[in-house]
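The values are calculated or read from the model by the stated rules, or taken from the named source; none is laboratory data. Note that the structure is a prediction, hence the values are computed from the model and not measured. Cβ: placed from backbone, ideal geometry, glycine included. Neighbour counts: every protein chain shown. Quick note on the areas: whole protein, heavy atoms, side chains included, nothing else; ligands and nucleic acids left out. Shrake-Rupley method; radii C 1.70, N 1.55, O 1.52, S 1.80 Å.
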Amino acid sequence: MSFAADVNKKAIDLGRLSVEMTTAAGSGHPSTALSLTHLVTVLMYQQMRWDPKNPWNPGADRLVLSEGHAVPIVYAAYADLGGMVTPPGKTQDKSAARALTRQDVLSLRAIESPLDGHPHPQVGVPFFDAATGSLGQGLSVAAGLGSAARMDKIDRNIYCIIGDGESREGQIWEAMDYIADHALTNVVTIFNCNELAQSDWVSPQQSSETLARKAEAFGFITRIIDGHDPDQIAKAFNELHVIKNGNRPLAIVARTVKGWGASMEQGMGKHGTPVKKDQLPELFKELDQTARDLGVAEHQDQGRLKIRPITTQAPAHQTTAQKPIKAAAFAEGLAMVGLDKDLAAGKGIAPRKAYGAALVALGAADKRIVGLDADVKNSTHAEWFFKKFPDQYLECKIAEQNMISVAAGVSAAGKIPFCSTFAKFVERAYDQTAMAIISGANLKITGSHAGVTLAADGPSQMSLPDVAFFRSFCHVKNFNGQPAVRYFFPADAVSCYKLTELMANLDGCCYQRTLRADVKALYKPEETFEVGGYKVLREGKDLVFVSAGYMVHECLRAADELAKNGRKATVIDAYSLPLNAKGILEIASRNGNQIVTVEDNYTGGLDAEIATANSTESAGIKLKNLFVAHIPKSGREPQDVLDYLNLGYKSIVKAVG
């Protein structure tokens, strides 16, 4: 008997287990899993260099299942091979791991199970590098893993399986562009073309022929194969060792059958529908007949399927314990990018520039720091990092969704990705950010030109709902028991520099807003900052202003005006969420029992943070919330826009009476 017989026999066995587990779960996608039986068998039992007993090995090849709903077929193979699983939140804890069994897979989707309905590494399957299932994102994650491997000079291959209907998602083609731009020949794109979407046939635009032509047009070497022919699959994969010597990546377009091996699972209306328990005997009978048709019903494994050994070792920084990352002192960091003259002259420095300086200082301190930007690096000042450390920088062009998912892959490879773009454009990637958070990615996002004070460019460039979006995650615990997001909005260059350094030393997702405008320094270089912290910039007795970012400066001006009439306001820079709001409420109790929050974003930021704390603590503080209450427009100066929105210092004074 042949290699093909070994693969066919194993494919039928894994397909059977995939159907069985989805029936036990009462939900899932057995027909899609059946379409991948042969591809997954060849990959996990023959092509990939990996170790089921050590899925953490940073030198191993990786599989990213972008069409995450097909995960039962991967679980089936992983259990058959005795792959390791862990309790939730301990995915990196080898001491807590045990081998997954075939019996375990029948717990699919149960609350106590490590096997979620879609790939979810944080709940216990370290074979996966990222949560997938929100379609269109996996190829970008694979590209991030491939980019990190190249940085570390590791010979590892990244395989990504994409559904044909899924390939309608624009992010797939952002990722294809990126892979071609960076000549990532270690990333193999695999299209599973079974022709059936959820509610209809896929469009002719996603046919195997059209996808192959598209991939060719994007610069890929493309092979169209029968996705159920073991020899064709192996032949296509065997080309990789030659292709990797060039600069054109490989795309495999596999024609498959949704519900392969069992006619009762084929055709329209089977997507996401498990086989009923009383129909399992009939389906198994069909799979048995398929085995007879292929001549493998009585076939015994001859040991031809052998997982290839891992051939490379990861660099030391991926395998040893890491010390805290210490950036250069503030003045030294600014000098690295030529801002020392501005500092010495006492000039205002924009926080976005301080971010660029801090990123350079962090890059000098630790090779794990990776900068990513989306074609605005000369505005975010990530350009300084690019010039200093080109080998630690990834240009993503105007494709923010791809950038965030690439960063998730970079993080999974043990690095610390810092993504930057305009805060407004971060909004395009909210789903990708949420998926990275679910994945447990150590992701740092900085959105520059935040709020309304970029003025002249108008509302199409203004980030306004971002604070509410990220604040919602600040009050959610991740699987490590930490806030799912830590949020920062520095009001000057010192705080931005220090908070960027802080982000590098926090595990998990961080979001920072930075300002376009040059602003005067509020803090001395030795000032320290913390998650949830705040700073009292001025002591008063009559009321408390709570603000962040640019509006801190506006509140200080408003306090000056109030002082002229004998009213003394306390001004607090609430630079981080989740906020230690209880301390602010205590301050307010000594300041007329009144807090005024002032923000240049839509509602759901500091106003909600203080109001929730006020209610929870039954503090009885009187609250007044000033925020962007209607859609802005362009203004030639920041003050013009603030006044238009009733957020200028004069309007603040008027609002407090």
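If you go through the stretch 167-225 and keep only what is hydroxyl-bearing (Ser, Thr, Tyr) and closer than 27 Å to ASP61 by Cβ, you end up with SER167, TYR178, THR185, THR189, SER208, THR222.
Between LEU499, LEU506, the distinction of being among the aliphatic types (A, V, I, L, M), in a loop (DSSP other than H, G, I, E, B), at pLDDT 95 or above and out of contact with any Gly (no Cβ under 6 Å at 6 or more places or on another chain) belongs to LEU506 only. Mind checking which residues of the stretch 18-44 are open to solvent by 10 Å² or more (accessible area, probe 1.4 Å) and either more than 16 Å from GLY163 (Cβ to Cβ) or more than 29 Å from the chain's Cα centre (by Cα) (or both)? Within the stretch 18-44, GLU20, THR23, ALA24, ALA25, GLY26, SER27 meet the criteria.
Could you say whether any residue in the stretch 282-298 is in a loop (DSSP other than H, G, I, E, B) and touching a strand residue (DSSP E or B) at 6+ places or on another chain (Cβ under 8 Å)? No, the stretch 282-298 has no match at all. Based on what the data block shows, is PRO114 over 22 Å from GLY246 (Cβ atoms), in contact with a Gly (Cβ under 7 Å, 6 or more places away or on another chain) and either in contact (Cβ under 8 Å) with a residue 40 or more places away in the chain or not in a helix (DSSP H, G or I) (or both)? Yes. In the stretch 70-93, the residues that are farther than 18 Å from ALA131 by Cβ form Cβ pairs under 6 Å with partners that are part of a helix (DSSP H, G or I) and of a type in the set (Ser, Thr, Tyr), at six or more places apart or across chains, as follows: ALA76/SER18. Here the condition is being more than 19 Å from PRO417 (Cα to Cα) and β-branched (Val, Ile, Thr); of VAL376, VAL296, it holds for VAL296 alone. Under the condition of being of a type in the set (Asp, Glu) and open to solvent by less than 40 Å² (accessible area, probe 1.4 Å), the residues counted in the stretch 1-16 number 1. With respect to being out of contact with any Asp or Glu (no Cβ under 6 Å at 6 or more places or on another chain) and either open to solvent by less than 70 Å² (accessible area, probe 1.4 Å) or touching a residue at least 24 places away in the same chain (Cβ under 8 Å) (or both), GLU265 fits the description. Residues that are surrounded by 24 or more Cβ atoms within 10 Å (Cβ to Cβ) and under 21 Å from ARG168 (Cβ atoms) within the stretch 93-148 comprise PRO119, ALA130, ALA131, THR132, GLY136, GLN137, GLY138, LEU139, SER140, VAL141, ALA142, ALA143, listed in sequence order. The sole residue among GLY89, GLY82, GLY26 that is at positive phi, out of contact with any helix residue (DSSP H, G or I) (no Cβ under 6 Å at 6 or more places or on another chain) and modelled with pLDDT under 95 is GLY89. The residue pairs whose first member lies in the stretch 126-144 and is β-branched (Val, Ile, Thr), whose second member is in a helix (DSSP H, G or I), and whose beta carbons are closer than 6 Å, counting only pairs six or more residues apart or on different chains, are THR132/GLY68; THR132/GLY138; VAL141/SER405; VAL141/ALA408; VAL141/GLY409. Being in contact with a helix residue (DSSP H, G or I) (Cβ under 7 Å, 6 or more places away or on another chain), part of a helix (DSSP H, G or I) and among the acidic types (Asp, Glu): is that true of ASP231 here? Criteria met by ASP231. Among the residues of the stretch 175-201, those that are of a type in the set (D, E, K, R) and closer than 16 Å to LYS258 by Cβ comprise GLU195, ASP200. In the stretch 325-361, of all residues being assigned to a loop (DSSP other than H, G, I, E, B) and of a type outside the set (A, V, I, L, M, F, W, C), the one that is least open to solvent (accessible area, probe 1.4 Å) corresponds to GLY348. For the stretch 193-242, residues that are open to solvent by less than 20 Å² (accessible area, probe 1.4 Å) and of a type in the set (Phe, Trp, Tyr) total 2.
One line per residue, one yes/no per condition, for (1) closer than 30 Å to SER27 by Cα; (2) of a type outside the set (Gly, Ala, Ser); (3) under 29 Å from the mean Cα position of the chain (by Cα):
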site: THR256; (1), (2), (3): yes, yes, no
site: GLY259; (1), (2), (3): yes, no, no
site: VAL275; (1), (2), (3): yes, yes, no
site: PHE284; (1), (2), (3): yes, yes, no
site: LEU287; (1), (2), (3): yes, yes, no
site: ALA327; (1), (2), (3): no, no, yes
site: ALA344; (1), (2), (3): no, no, no
site: ALA350; (1), (2), (3): no, no, yes
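I'm trying to understand the selection: among the residues of the stretch 195-209, which are in a loop (DSSP other than H, G, I, E, B) and either touching a Gly at 6+ places or on another chain (Cβ under 6 Å) or among the polar types (S, T, N, Q) (or both)?
Within the stretch 195-209, ALA197, GLN198, SER199, VAL202, SER203, SER207 meet the criteria.
Only residues that are in contact with a Leu (Cβ under 8 Å, 6 or more places away or on another chain) and more than 18 Å from THR41 (Cα to Cα) were counted across the stretch 223-238, and they come to 1. Among the residues making up the stretch 330-351, those that are touching a residue at least 12 places away in the same chain (Cβ under 8 Å) and within 19 Å of PHE389 (Cα to Cα) are GLU332, GLY333, LEU334, MET336, VAL337, LEU339. Scanning the stretch 166-178 for residues that are surrounded by 23 or more Cβ atoms within 10 Å (Cβ to Cβ) and either under 18 Å from VAL74 (Cα atoms) or not charged (D, E, K, R) (or both) yields a total of 6. Kindly indicate whether THR603 is open to solvent by 70 Å² or more (accessible area, probe 1.4 Å), in contact with a Phe, Trp or Tyr (Cβ under 9 Å, 6 or more places away or on another chain) and closer than 27 Å to LEU454 by Cα. Yes, satisfied. Filtered by the rule that a residue be open to solvent by 20 Å² or more (accessible area, probe 1.4 Å) and on the phi < 0 side of the Ramachandran plot, the stretch 557-578 gives ARG557, ASP560, GLU561, ALA563, LYS564, ASN565, ARG567, LYS568, PRO578.
In the stretch 380-393, is there at least one residue being crowded, with 24+ Cβ neighbours inside 10 Å, in contact (Cβ under 8 Å) with a residue 12 or more places away in the chain and under 27 Å from PRO55 (Cα atoms)? No, every residue in the stretch 380-393 fails to be crowded, with 24+ Cβ neighbours inside 10 Å, in contact (Cβ under 8 Å) with a residue 12 or more places away in the chain and under 27 Å from PRO55 (Cα atoms).
Can LYS153 be described as touching a helix residue (DSSP H, G or I) at 6+ places or on another chain (Cβ under 9 Å) and either at positive phi or among the charged types (D, E, K, R) (or both)? Write out each step before concluding.
Numbers: touching a helix residue (DSSP H, G or I) at 6+ places or on another chain (Cβ under 9 Å): no; either at positive phi or among the charged types (D, E, K, R) (or both): yes.
No.
Can you find a residue in the stretch 317-331 that is in contact with a Lys or Arg (Cβ under 9 Å, 6 or more places away or on another chain) and within 24 Å of TYR78 (Cα to Cα)? No, because not a single residue in the stretch 317-331 is in contact with a Lys or Arg (Cβ under 9 Å, 6 or more places away or on another chain) and within 24 Å of TYR78 (Cα to Cα).
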